């Protein structure tokens, strides 16, 4: 659920796999320094509550999409500040650009019942679980 990755330990020589390190090198190399937004996922029994911290973003800059059993939260920031003196010369000029995106597996979620709200830089999604009776396996008798 939600694509959580377990912590891998390489604290003993017996667990170390040089080939796995080589496979992951490219992926880890390109992700170095990549900024992600932080999310908390709370199990409330009949639903999950996902809270994503997106400080400095406006509601219009955030997109929440569901496609092929995955929920994707995207946020884009384009900000420019120009301060000039009387002669029109720059005293300070700042630019910040960036886009952030996270995806979550929602195969066990009732997609029609998802609701969202954004307040004080926190995106809150309520993700109702699929009723457990719907996913029961039916045993078929072989004759």
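Rule-based calculations on the coordinates, nothing more; no lab input. Computed from a predicted structure; not experimentally measured. All Cβ positions, even for glycine, are placed from backbone atoms using ideal geometry, and neighbour counts span all protein chains on display.
On the principal axes of its alpha carbon atoms, region 37-130 extends 64, 25, 18 Å, with the longest extent given first. Of 49, 64, the sequence from fewest to most neighbouring Cβ atoms within 10 angstrom is 49, 64. Remark: 124, 139, 81 ranked as 139, 81, 124, counting other beta-carbon atoms within 10 Å and listing the fewest first.
Between residue 59 and residue 89, the C-beta separation translates, for a Förster distance of 25 Å, into a calculated FRET efficiency of about 0.10. Working from label points 7 Å from Cα in the Cα-to-Cβ sense, the residue 67 to residue 81 distance is 3.5 nm. Each of 102, 77 was scored by other Cβ atoms within 10 Å of its Cβ. Arranged with the fewest first, they read 77, 102.
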